[in-house]
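Please read the structure below before turning to the comments.
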Amino acid sequence: MAAKSSVLTESGQVRRAIVVGGGLGGLMTVIKLCEAGVPVDLLSLVPVKRSHSVCAQGGINASVNIKGEGDSPYVHFYETVKGGDFLANQPPVKGMADAAPNIVFMLDRMGVPFNRTPEGNLDFRRFGGTLFHRTAFAGATTGQQLLYALDEQVRRWETVDLEDDKGVTVPGEKMVRKFEYWDLCGLILDDTGTCRGVVAQDLKNGEIRSFRGDAVCLATGGPGLVFGRSTNSIINTGSPAAIAYQQGAKYGNGEFIQVHPTAIPGTDKLRLISESVRGEGGRVWVPKDRNDKRAGASIPEGERYYFLEEKYPKYRNLVPRDIASREIFRAVMHEGYSAEGQRSVFLDVTHLCKTPSGKAAVRKKLEGVLEIYEKFVGVDPYDNPMRIFPAVHYSMGGLWVDFEKGADGSLKPGSSRNQMTNLPGLYATGEADYQYHGANRLGANSLLSCIYGGMVTGPAMVAWREGEKKSAFDLSSTLFENEQKRRETEYTALGNRAGAEFDVNPYRLHEELGDMMLNDCTVERQNSKLDEVVAKVREMKGRFKRCAALDRTLTGTMNQPVVFLRHLAGMLDLAEIIAVGARAREENRGAHYKPVFDPELHPDDPKAVGRDDKNWLKTTLATVTADGPKLTYEEVDISLEPLARRDYGKVAQKPAPASTTPAVK
C-alpha cells in the first residue's frame, strides 16, 4: 500500500531521497529537495568542502550584459550549442542559459564574494568561445566560493527539524543527514528495474550498509583518473557512473573528453592554469626559433610567435578549448616549437605587470591560480612567462539523462523526466551526466551546468516521488538486505585476493591504463591506435581478475587498496566506453579529432569532410553487455537553432615545416 504521507510511511518511517555527491550539483539538488519539504540523505566520498567543485577557478557564465555589449541569454545559448559543435540537445541548454543571470544573482545574495567594478556592479570577464564579457568570477577561486556558499545553505538544512504533513515535528529527524567519507558500492533495483536506494561503504571503519530512497541522484563528477594524470582530483575515478552503467544505465557520449589547453606539466598530476588567465589578457606564444631554449623573459618581443593570435585574429587567445588544445599540440608535437626546450608553450601575463598598478590588478583577479604556478614550479609568473601544455580536464560525456520539452522550447518545469537516467528513479547531474555541453564545453559553463542541473533535478525527483504508487520505505527489507549482503561478499572477495594466482599490482595496472589513454585517446586520435587501445583495455580487464589485495592486515576495517580495486574496475569499464565510442565515430566534432578527417590536412581526400552532420549528428549511447559496451545512437534535438558552420575566424596559414620530434609518450 502506498504511503499516504509525503514525509512518513504508514509505519512511521521517514521517506528520504538520496543524493550521492557533495559538489555543486549535489548540493543544489539537496537544497531544492529540502525547499520542497523532502528530507535527504547526502553521501559524499570526501568532506563536502573537498568535493572537486572546489578546484574550479575561472568563473560562472551568465549573460547579464552589464557592459552593454549586446549579449543576451539567447546568444549564450547559441554560443554554447555552437561551442559544443551542435551535439547538445538544445532545450536543456536554452533552459540553462535563460536561468543563468538569476543563478548568479542568487549566488550573490548567498554571499559569494564576486569581483565588482568600481561602480559596485558585478564584474564579468571574457572566456573562450565568445566575444562578450559573460563570466562572473570571485578572483581565480570561484569554485571554492560557490561550493562554500551552497554548503552553508545545506548546513542550515542539517539543523532544521523534520515536520510531517501536518506540521508536527518528527523527534530526532533533521531535513538533511550528511554522510561524509562514504563510497558508493551499488544501486538497489527492484524487480521492475526501478532504483530504490543505494549500498555504500563507510571509509572510516569499513561498514557496508544499505540506504532506502524514494529517488536517487548521482552527482559524482567525472572520470579524469581514467587518464592517470589530469587536472582532476584523484577522487575523480568515475566509479559511481561505472557502477550505474554495470547495472544497466546508459552512458552517453563517452568519447568526448575535454583537454584543457593550459596546465602545468608534471609527473604526478597536471595542475590547471585557468582560462581566466587568457580572459584577463594572458597571451600564448613560442619562440620563433625552434631551437631557442632561453627563459621566456629573455626572449625579445620580435622573436616571439603568437600563433593563436595570428591564426584566429577575431577570438585570439580565447578560441574554444578544443581548438586551442589542438593548436598547442600541433605547434609542439608536429611543428617542433617549444618553451625553454621543453614540450610546452608559454602563457604570459608579464606584459600586464609592467607597472605596480597593473601588477596589482592582475593579482586581484588571478592571484589564486598564479600562486599555484609559483608554488609548484618555483617561478614567479608575474615576472616570468609560465610554461604550459594541454591536459585532460573534463568529460562532456556521462550518464544519459532524459528531458521534457516545454511550450517555450526550454525544459518543462517540474517534469519527472528531467535529468532521469533510463533506470526509473535514478537521476544524474553535474559532470556525471552528459546533457549540457555536446562535443565540447565552453569555459565557465561547468559551474553553471552543475548548479542549473541541480535546480532541475530536485523538482524532478519530487515529481517522481509523488507519482510513485509505493514508497521504497514500504517495500520488504529483503530487497535491501540481499543487496547489502551481495556488496559485502564482493568486498570480502576482493580483500581475499592473495596467493600466486593474484600476481598483478592494481596500481601498476592503473598506471599502464592512464599512460595509454593519455597518449592515444586525447587530443589526436588515430583509428589504428584506437584499435590497439580497445584490445589492450580488454586485455587489462582480464588481468584485473588477477589483481592482488596489497594489504590484508586491515581485515574487518578500512582497506584502501581493496577500495581502489573497486574503483579500478569502474575505470576499466569507462576506458572501454571512451575508446570504443571514439573508434566508431568517423568524423571530427568538438573535442573528438581524427587528423584523417581534417580537410586542411587532406584537401584532396573526399573522405576528409571534417564534421559529418549527415551521419554523425547523434548522441552515442553505450549499454553494458557481457562482451563490452553496445553502441546505439540517438538523434539530437536541434529544433531551436539550425546548424551552422563552426567558424571562429581562422586565417589560412602556410603549413610549418614538419618536425622530427616524436609524439608524446
Leu494 meets each of (1) farther than 25 Å from Ala428 by Cα; (2) part of a helix (DSSP H, G or I); (3) out of contact with any Leu (no Cβ under 6 Å at 6 or more places or on another chain) with one exception, condition (3)
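Restricting to segment 252-277, count the residues that are of a type outside the set (A, V, I, L, M, F, W, C), open to solvent by less than 10 Å² (accessible area, probe 1.4 Å) and on the phi < 0 side of the Ramachandran plot.
We begin by selecting, within segment 252-277, every residue of a type outside the set (A, V, I, L, M, F, W, C); these are 252-255, 258, 260-262, 265-269, 271, 274-276.
Now drop any that are not open to solvent by less than 10 Å² (accessible area, probe 1.4 Å), which leaves 252-255, 258, 260-262, 274-276.
Those still in the list that are on the phi < 0 side of the Ramachandran plot too: 252, 254-255, 258, 260-262, 274-276.
Qualifying residue count, segment 252-277: 10.
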Filtering segment 535-576 down to residues that are hydrophobic (A, V, I, L, M, F, W, C), surrounded by 19 or more Cβ atoms within 10 Å (Cβ to Cβ) and in a helix (DSSP H, G or I) yields Val537, Met540, Val562, Val563, Phe564, Leu565, Leu568, Ala569, Met571, Leu572, Leu574, Ala575
The lone condition Glu371 fails out of (1) part of a helix (DSSP H, G or I); (2) touching a helix residue (DSSP H, G or I) at 6+ places or on another chain (Cβ under 9 Å) is (2)
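Residues of segment 247-265 being farther than 17 Å from Asp433 by Cβ and not in a loop (DSSP other than H, G, I, E, B), which ones? Break it down into steps so the answer makes sense when it comes.
Start the filter on segment 247-265 by keeping residues that are farther than 17 Å from Asp433 by Cβ, which leaves 259-265.
Answer for segment 247-265, where residues must be farther than 17 Å from Asp433 by Cβ and not in a loop (DSSP other than H, G, I, E, B): Val259, His260, Pro261, Thr262, Ala263, Ile264.
Taking Tyr337 as the residue in question, decide whether it is crowded, with 21+ Cβ neighbours inside 10 Å, assigned to a helix (DSSP H, G or I) and modelled with pLDDT of 95 or more.
no
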Taking first residues from segment 347-375 that are over 21 Å from Gly143 (Cβ atoms) and second residues anywhere that are among the aromatic types (Phe, Trp, Tyr) and assigned to a loop (DSSP other than H, G, I, E, B), the pairs with Cβ under 9 Å that are 6 or more apart or on different chains are Thr350/Tyr382; Leu352/Tyr382; Cys353/Tyr382; Lys359/Tyr382
Of the residues in segment 1-44, those that are of a type in the set (S, T, N, Q) and surrounded by 24 or more Cβ atoms within 10 Å (Cβ to Cβ) come to Thr29, Ser44
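When you scan segment 188-202, do you find a residue that is without any contact (Cβ under 8 Å) to a residue 12 or more places away in the chain, open to solvent by 10 Å² or more (accessible area, probe 1.4 Å) and more than 19 Å from Gly458 (Cβ to Cβ), even just one?
Within segment 188-202 (the criterion being without any contact (Cβ under 8 Å) to a residue 12 or more places away in the chain, open to solvent by 10 Å² or more (accessible area, probe 1.4 Å) and more than 19 Å from Gly458 (Cβ to Cβ)), the answer is yes, since at least one residue qualifies.
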Could you tell me whether any residue of segment 395-406 is in contact with a Pro (Cβ under 7 Å, 6 or more places away or on another chain) and charged (D, E, K, R)?
yes
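Just the residues that are closer than 10 Å to Phe132 by Cα and either open to solvent by less than 30 Å² (accessible area, probe 1.4 Å) or of a type in the set (Phe, Trp, Tyr) (or both), please, taken from segment 46-90.
Taking segment 46-90 and keeping what is closer than 10 Å to Phe132 by Cα, we get 63, 65, 67-72, 75-76.
The answer is Ser63, Asp71, His76.
Of these, Leu640, Leu617, Leu601, Leu621, which one is hydrophobic (A, V, I, L, M, F, W, C) and at pLDDT below 95?
Details: Leu640 fails: at pLDDT below 95; Leu617 fails: at pLDDT below 95; Leu621 fails: at pLDDT below 95.
Selected residue: Leu601, the only one of Leu640, Leu617, Leu601, Leu621 that is hydrophobic (A, V, I, L, M, F, W, C) and at pLDDT below 95.
The values are calculated or read from the model by the stated rules, or taken from the named source; none is laboratory data. Please read all numbers here as calculations on a predicted model, not as lab measurements. Quick reminder, even Gly has a Cβ in these numbers, built from the backbone with ideal geometry, and neighbours come from all protein chains shown. In case anyone asks, the SASA skips ligands and DNA or RNA and just uses the protein heavy atoms, side chains included. Shrake-Rupley method; radii C 1.70, N 1.55, O 1.52, S 1.80 Å.
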